[in-house]
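Heads up, the thing below is written out as structure tokens.
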Amino acid sequence: MENNQTLPKLQMKHLVYLGIFLLALGLRLFAAGRLAITQPEADILLRLTRDGIASSSRGSLLYQLLTLPLMDLFGSGRLVVRLWLIFAGALLTLTPLLFEDWIGERPALILSTLFALDPFGSAASLQLNSSLLTFCTLLVSLGLFHRGKYFSGVLVFLAFMFSGRAVLYPLGLGLIFALVLYLQEETTSIKKLFLAIRQSIRENIRTILIVLAGLVLVLFLLQIPLSDSLNDIFAMFANWGQPYALGNSPQLFPIALVSYVPLGILCLFFPTHSAEGRKHFPYLILISLLALILVTVNPGHQVLDLVWVSSLLWVIAAINLSALADQLKAYLSSVKIKIYTLIVVCLLVSLSLTVVMLIYQIQYGLDLVGNLLSTISLLAMIAMVVLFMAYNDTVPLALTALRCGLILVFLVFQIAFSWRSLGLNGNPAGEILWDGYFEGAQTVEDIIWNANLDRTGSGLDMSVGFINPSNSAVEWEISQKFKVEELESVTTDQHLAVLITDSRDGLNSGSADGYYGQDFNASSYPLWIWQPVKSLSDMDYWFWLIFRQGQMMRETNFVWVNKTLFTNTF
């Protein structure tokens, strides 16, 4: 039975949470409108919008229930098809409120900020093929259970069960974690939880049946096959035993985690001194390691699935950062800690800039002796400054100043990586989060517009023809602005205004004579992900890490414009 508690009074912290939520929501809305639909997203959308296509990849049942009505009302623009993922990504910043009494008020507020900065959470909130709906519904349901809101928790948990194939991760983690608790003879809390849930279901069975009946009715009205949810369950296991896709090897995922979440990794090395922190730390580390293993070995994984790991790291980071803030209170009256921290920050910033310049020089074969000596000198200076602080004052004060300096510098890097993960740096193709990015979207659109499809009197079919399309992202993006037609081949009558093929040989010789052709980048991604471990010793990875530039793998398609459009006049 749910607890009848009065609503808490509005406090300043709630306004802070609201500000974080609105900022996260605004950035994601802005980014979603700029980022082109990726190929995994387009695969889902094409199946959702076309009759007669198999429903094995139509997206989760929950996604269809939420999105199809919006698509009927507002069309299928980027913001519409991604709206609920965007909202779920922003909603994550409010979920720490449900766990305040568990991790503490200040750690919960820090965690809200870190959730907003999470690169994997940011990227997952922009892609409808991600597992963010699964993660968000699970977190909310656990929070409601924790708060004693069992009936509401059960309803949200039902939504979680229909949220897609990613339920494999939390179910697997839950079974392993329950086994660990059982072996440690800590089963009392689990028994109490299940008893409370069972009692709540019994007391609200009528409401639950009404909700389920309404769900079936909505599925019927929206013509969503119930088999989609079963397909998701079967799909969880379908990829096991299959080979890993090129560029999706297990070795990539730990490297990607460290590359995108440097602040979270750094905070692991700051041990907490609080009793609650020491109690939770082993369990959080265990669950995060298990999550990383599950994501890494799953053949159907994607880089976006690392949100399951990074979120746990942010919980650890929030607890440790709060403990560090408690340590700082002992030095607030001292000016020395502020001066020491400022000195350490200046040295770390100088070291960072020097290392960045060193990587740049190595990449382009420039003379690096000067910067190499500067890097060594700065490392020695930082070590001497820390030793001086420890000798002149105390070791804890010196370590605290060093930790504060490292956190401030790594926070800047974390914000930069989070900004890039939203695709706002002007080079989204340089990220490894999209499974290939349609880099040439604007180029193709400009070519088609310049072909002047509105011109009359040409005698052409004013549409874009796709010959055996192999990239669904290209097909989807073009279909949103132009009339499209799928073809198996083109005859010599050349009646179409524009054609798109996956290769230069897509047209036969007779048809090609009537068209001007140009290649464009249909899918682009960094080349180092093919051999991630070997790339650690290659400067191309480090250049990508800092500048998001380097060798790229680009798959090209070809756009063909009928010559008649260039010769015909009004």
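The values are calculated or read from the model by the stated rules, or taken from the named source; none is laboratory data. Predicted model only: the values in this text are computed from it and were never measured. Every residue, glycine among them, receives a Cβ derived from its backbone with ideal geometry; neighbour counts consider all protein chains shown. Just so you know, the surface numbers come from the protein's heavy atoms only, side chains and all, with ligands and any DNA or RNA stripped out. Shrake-Rupley method; radii C 1.70, N 1.55, O 1.52, S 1.80 Å.
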Query raised in the report: Would it be correct to say that Leu387 is of a type in the set (A, V, I, L, M), open to solvent by 90 Å² or more (accessible area, probe 1.4 Å) and either without any contact (Cβ under 8 Å) to a residue 24 or more places away in the chain or not assigned by the TED database to the domain that holds Ile337 (or both)?
Result: yes
Query - Selection status of Ala108, modelled with pLDDT of 90 or more and closer than 17 Å to Gly164 by Cβ - result: no
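What do you reckon, is Ala291 surrounded by fewer than 21 Cβ atoms within 10 Å (Cβ to Cβ) and small (Gly, Ala, Ser)?
Details: surrounded by fewer than 21 Cβ atoms within 10 Å (Cβ to Cβ): no; small (Gly, Ala, Ser): yes.
No, not satisfied.
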Query raised in the report: Would it be correct to say that Phe99 is open to solvent by 60 Å² or more (accessible area, probe 1.4 Å), touching a residue at least 24 places away in the same chain (Cβ under 8 Å), part of a helix (DSSP H, G or I) and among the hydrophobic types (A, V, I, L, M, F, W, C)?
Result: no
Requested in this report: Take Asp51 and decide whether it is more than 30 Å from Thr207 (Cβ to Cβ), modelled with pLDDT under 95, among the charged types (D, E, K, R) and not in a helix (DSSP H, G or I).
Outcome: yes
Query raised in the report: Do we have any residue at all in the range 401-414 that's open to solvent by less than 40 Å² (accessible area, probe 1.4 Å) and either basic (Lys, Arg) or more than 30 Å from Trp544 (Cβ to Cβ) (or both)?
Result: yes
Query raised in the report: Hey, any hits in the range 366-373 for a residue that's in contact with a Lys or Arg (Cβ under 8 Å, 6 or more places away or on another chain), open to solvent by 40 Å² or more (accessible area, probe 1.4 Å) and charged (D, E, K, R)?
Result: no
Query - Yes/no for Thr443 being open to solvent by 20 Å² or more (accessible area, probe 1.4 Å), hydroxyl-bearing (Ser, Thr, Tyr), modelled with pLDDT under 90 and not in a helix (DSSP H, G or I) - result: no
Requested in this report: Looking only at the range 328-345, count how many residues are surrounded by fewer than 12 Cβ atoms within 10 Å (Cβ to Cβ) and in a helix (DSSP H, G or I).
Outcome: 2
**Report entry** the range 308-360, residues that are under 23 Å from Tyr541 (Cβ atoms) and modelled with pLDDT under 90
**Finding:** none
Report summary line: Apart from one, (1) buried (at least 24 other Cβ atoms within 10 Å of the Cβ); (2) outside any helix (DSSP H, G or I) all hold for Cys136; the odd one out is (2)
